Ligand SMILES: *[C@@H]1O[C@H](CO)[C@@H](O)[C@H](O)[C@H]1NC(C)=O
Ligand SMILES: *[C@@H]1O[C@H](CO)[C@@H](O)[C@H](O)[C@H]1NC(C)=O
Ligand SMILES: *[C@@H]1O[C@H](CO)[C@@H](O)[C@H](O)[C@H]1NC(C)=O
């Protein structure tokens, strides 16, 4: 009897976990199903611990993610060290081969929804090594304060101060960097921070070094309209669902779950800020083929209290799509990667349109069978293809 019950529970759990849906046309679907199942188990554990009041969801997730960190170990081609820039911890990758001229440099910002991850994660460490080696470039991979311990603008400010430090003449000189060949890059929340600091930099008279390129890999760029077609479609996209994205966004600003609830209903923006919707209007900014039968509805205004308490979600430093055209037109050469099965797809697509509209040169790669997180997924063919394309672009343009 007991054994039958256990067996039934086991079968039910197995069915529940194996039923993780995977888009039809992805490569290596079984491998992806396995990875998403692992994440589902981990996040269910984290939700359970939160329900019991043991630990914040993000703290449990971050604790488990730490198992994927690797120490800063040099290899035959790249010297890896850790230091701080303006008290922000960074990991630096320096090519070992003798420099014949000044090198180019890439400042990298990891993803993880402003709550998770670090430069030490195996996937990021591997990417930074490859970048340093393949491009003969200095790579700085920065860390920053994470939610729930720190909220906006801490993440932005950490990244900006590390970047400011790096861009000083004497720092660039120390690492043998050519000040005309420095770029910023990041994925997901790191793409958000990359876009935000790049905007800040073009308006900062104190920083003389200007960026040559910005690279945004499936970036998060706005928290105003939580009803974009990709968010509506993405309730079950691999790794990042629409509801998890609402949690990440709200955690960036506060641990108060009221903001997340309002975001899920798309009723968090009060009428005082409705003029901002023009900057994220998917009806005018998305190419026709991505609208796919969704109908644009002007969002329902929410009450003013949330925006007063947590003004971050209407701040351009958190939502780079809210910048006006006069700011956008001064941005450097831009490379944006979007993926079809990604709740952030439309954020990236709308930024492509807005930058193109003001004449910023943009290279846009849309990965038709891509999904969020694919860029740094270990031992996946899609990751290597995306990274190779990215490295070739940087080779040519940085
Ligand atoms: C170091 O560079 C050599 C030559 O390009 C390459 O064959 C080797 O795989 C590299 N080692 C690592 C760890 O990337
Ligand atoms: C990155 O990871 C891949 C696969 O695990 C491995 O083949 C490659 O050598 C790694 N590259 C570096 C530079 O460590
Ligand atoms: C969004 O764009 C559509 C037309 O493309 C327009 O009808 C609608 O009023 C716009 N809404 C906002 C809030 O800008």
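Computed from the coordinates by the stated procedures, all read-outs in this text should not be read as laboratory data. Keep in mind it's a predicted model, so treat the numbers as computed, not measured. Every residue, glycine as well, gets a Cβ built from its backbone with ideal geometry; the counts of neighbours run over all protein chains shown.
Results, tabulated for the structure shown:
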{"read-out": "Pair residue 100, residue 275: separation of 7 Å Cα→Cβ label points (nm)", "value": "5.6"}
{"read-out": "Highest-first arrangement of 219-230, 167-178, 288-299, 244-255, where packing means the average Cβ count within 10 Å", "value": "219-230, 244-255, 167-178, 288-299"}
{"read-out": "Extension reserve of the residue 232-residue 70 stretch, reckoned as 0.36 nm per residue once the Cα distance is removed", "value": "54.7 nm"}
{"read-out": "Tensor-based shape of region 216-274 (alpha-carbon gyration tensor, a/c under 1.5 rounded, otherwise prolate or oblate)", "value": "prolate"}
{"read-out": "Rough spin-label spacing in nm, given labels placed 7 Å along Cα→Cβ, for residue 308 and residue 150", "value": "2.9"}
{"read-out": "Whole-Å semi-axes of the ellipsoid equivalent to region 85-150 (Cα gyration tensor, √5λ, descending)", "value": "26, 12, 8"}
{"read-out": "5 Å-binned pair-distance histogram of region 45-119 (Cα, whole percent)", "value": "3, 12, 15, 19, 16, 11, 8, 7, 4, 2, 1, 0"}
{"read-out": "Mean separation of Cα contacts under 8 Å, 6 or more apart, over the residue count of the chain: relative contact order %", "value": "15"}
{"read-out": "Theoretical gain in end-to-end length, residue 392 to residue 174 [0.36 nm per residue, Cα-Cα removed]", "value": "75.8 nm"}
{"read-out": "Peptide ranges 193-203, 59-69 listed from the most packed, as the mean C-beta count within 10 angstrom indicates", "value": "193-203, 59-69"}
{"read-out": "Cα centroid of region 17-67 to Cα centroid of region 72-147, whole Å", "value": "27"}
{"read-out": "Sequence of 100, 376, 363 once ranked by neighbouring C-beta atoms within 10 Å, starting from the fewest", "value": "100, 363, 376"}
{"read-out": "DSSP-defined antiparallel bridges as percent of all bridges, region 50-153, nearest 5", "value": "70"}
{"read-out": "Computed E for residue 86/residue 11 - FRET, C-beta separation, R0 51 angstrom, nearest 0.05", "value": "0.40"}
{"read-out": "Convex hull of Cα atoms in the chain, direction-averaged projection (nm²)", "value": "21.1"}
{"read-out": "Overall form of region 233-372 per C-alpha gyration tensor (a/c, 1.5; a/b vs b/c)", "value": "oblate"}
{"read-out": "From the C-alpha gyration tensor of region 301-398, square roots of 5λ in Å", "value": "29, 19, 11"}
{"read-out": "Cα gyration tensor, region 117-180 - rounded (a/c under 1.5), prolate or oblate", "value": "oblate"}
{"read-out": "Residues 165, 114, sorted so that the one with the fewest Cβ neighbours within 10 Å comes first", "value": "165, 114"}
{"read-out": "Helix-only CD estimate at 222 nm, as mean residue ellipticity for the chain, using -39500 (n - 2.57) per DSSP H run (n ≥ 4)", "value": "-12500 deg cm²/dmol"}
